[in-house]
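Right, one structure below, let's go through it.
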Amino acid sequence: MLKLTFELYPEDGHIKPYEHPYGYVFRAVIMKWLHEIKPELVHVFHEREEIRPYAINYIIHNKMPKLDFILTTYHDDLSDAILNDIISNEKGYLTLGQKRYFISKIQFERINPIDFMESAQPVINLRIHFFRPVSFNTSMGDYPVRFPIPLIFFGNLANIWNDIMKGTSEVARETLLNWVNAHVYVSSYNMRTVRVNIGKPKPVIGGIGSVSFKVSKINRLYYKHFLEDEDRSYDYEYINADYKSNCCWLDILSRFGEYTNVGVNRTAGMGVIHYYNRNYLSKKDLLK
């Protein structure tokens with residue numbers, strides 16, 4: 001994974017947040033850029049049946065006329081094409097709508113998702129802040145879900161994770177979600193719905209704010225059925241290890257989501273999150 005942060009200053013010295021649907025504009029900028037340097041990769045942006053291998057974020061600074069554009073890519077060819085063009089051509093500006101922005105700085109960060117696994121800790125109390133509207137398309141109905149239900153939130157991140165880590169370090173998604181359904185609940189939230197224009201005929205409607213998730217004590221009934229399916233005897237050590245492993249996956253996927261965004265329109269700057277871990281698993285939470 002490659003994270004690129006472009007520090008941009010407007011040519012006329014003014015940024016008005018309402019002038020552009022920035023996430024959508026940045027997506028168009030990247031598509032145009034890629035078409036010029038590597039047109040055979042443009043289809044990567046349009047594969048509707050596949051998880052698109054990039055995410056967009058942006059930060060508008062209030063105390064100075066500055067805009068940070070953040071692009072995270074998880075497709076090696078896509079990352080290399082953009083990175084090589086930046087290095088070889090010394091790109092000096094981006095055009096957003098009718099306005100030109102000078103590039104004052106470009107920061108590069110290589111992210112290896114394996115690092116999230118190696119440093120994972122079993123979190124049992126966590127908070128997710130949604131900076132941009134989040135919503136999820138599901139099979140539950142015709143309308144998007146605009147609240148981060150644990151099963152949908154972690155299921156979405158597990159999908160993205162498995163797509164990126166295909167054939168290497170995938171998570172057993174269905175098993176994890178069965179565990180989440182039995183153990184993870186919303187303990188508090190402060191959310192509201194907003195409408196955002198992203199350049200489509202209809203605005204995007206989603207939730208912004210904060211949600212706290214809490215992991216319950218070990219659900220003995222869940223593990224009774226789980227061990228029966230696994231054809232195992234009731235083993236405290238095995239249960240504790242599995243419970244701890246799943247708590248670690250909550251930590252892994254939440255940290256991962258800070259780079260990938262979550263939900264629909266990730267590539268237009270929606271579903272941007274920040275993860276706060278509050279409490280970790282302790283011995284008193286395990287079976288004895």
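Every number here is computed from the coordinates shown, using simple stated rules; none is lab data. Bear in mind that the values here come from a model prediction, so they are computed numbers and not experimental data. Here the Cβ positions follow ideal geometry from the backbone for every residue, glycine too, while neighbour counts run over all protein chains shown.
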Helix 150-164 sits off the longest principal axis of the Cα atoms of the chain, rounded to the nearest 10 on a 0 to 90 degree scale, by 60 degrees
List the pair-distance distribution P(r) of the stretch 96-135, using every Cα-Cα distance, as the percent of pairs falling in each 10 Å bin from 0 up to the bin containing the longest distance, rounded to whole percents. 16, 22, 38, 17, 8
GLU11 to SER216: FRET efficiency via 1/(1 + (r/R0)^6), r the Cβ-Cβ distance, R0 41 Å, to the nearest 0.05? 0.15
Looking at the square roots a ≥ b ≥ c of the eigenvalues of the Cα gyration tensor of the stretch 222-288, which shape do they give, rounded for a/c under 1.5, prolate if a/b is larger than b/c, or oblate? oblate
Among the listed pairs LYS217/LYS283; LYS99/LYS202; LYS3/LYS99, give every one whose C-alpha distance is greater than 19 Å. LYS99/LYS202; LYS3/LYS99
How high is the FRET efficiency between LEU41 and ASN125 when r is their beta carbon distance and R₀ equals 35 Å, given to the nearest 0.05? 0.25
Approximate shape of the stretch 2-110 as ellipsoid semi-axes (Cα gyration tensor, √5λ), whole Å, largest first: 23, 15, 13
In a shell of Cβ-Cβ distance under 12 Å around GLY23, excluding GLY23 itself, what net charge do Lys and Arg (+1) and Asp and Glu (-1) give? +4
Applying the Karplus parametrisation 6.51 cos²θ - 1.76 cosθ + 1.60 with θ = phi - 60° to the phi angles of the stretch 181-195, what ³J(HN,Hα) value in whole Hz is obtained for each residue in order, glycine and proline being reported as x? 4, 8, 10, 10, 9, 7, 8, 6, 7, 9, 10, 9, 9, 9, 10
Cβ-Cβ FRET estimate between GLU50 and ASN197, R0 fixed at 25 Å, reported to 0.05: 0.45
Cα Rg, Dmax (largest Cα-Cα span) when computed across the chain, Å: 20.8, 71
So, with +1 on the Cβ of K and R and -1 on the Cβ of D and E, and no other charges, what is the size of the charge dipole of the chain about its Cα centre, to the nearest 20 debye? 1400 debye
Name the longest site-free stretch of the chain, where the excluded sites are chymotrypsin sites (Phe, Trp or Tyr not before Pro) in a DSSP loop with no more than 15 other beta-carbon atoms within 10 Å. 19-233
Kirkwood hydrodynamic radius for the stretch 128-265: how many Å is it when counted over pairs of different Cα atoms? 16.4 Å
Give, in nm to one decimal, the length gained when the segment between ASP115 and PHE102 is fully stretched (0.36 nm per residue of separation minus the Cα-Cα distance). 1.3 nm
Calculate the dipole size of the stretch 2-110 relative to its Cα centre from +1 charges on Lys and Arg beta carbons and -1 charges on Asp and Glu beta carbons; express the result in debye to the nearest 20. 480 debye
Starting with the fewest neighbours, write out ASP80, ASP115 ranked by other beta-carbon atoms found within 10 Å of each beta-carbon. ASP115, ASP80
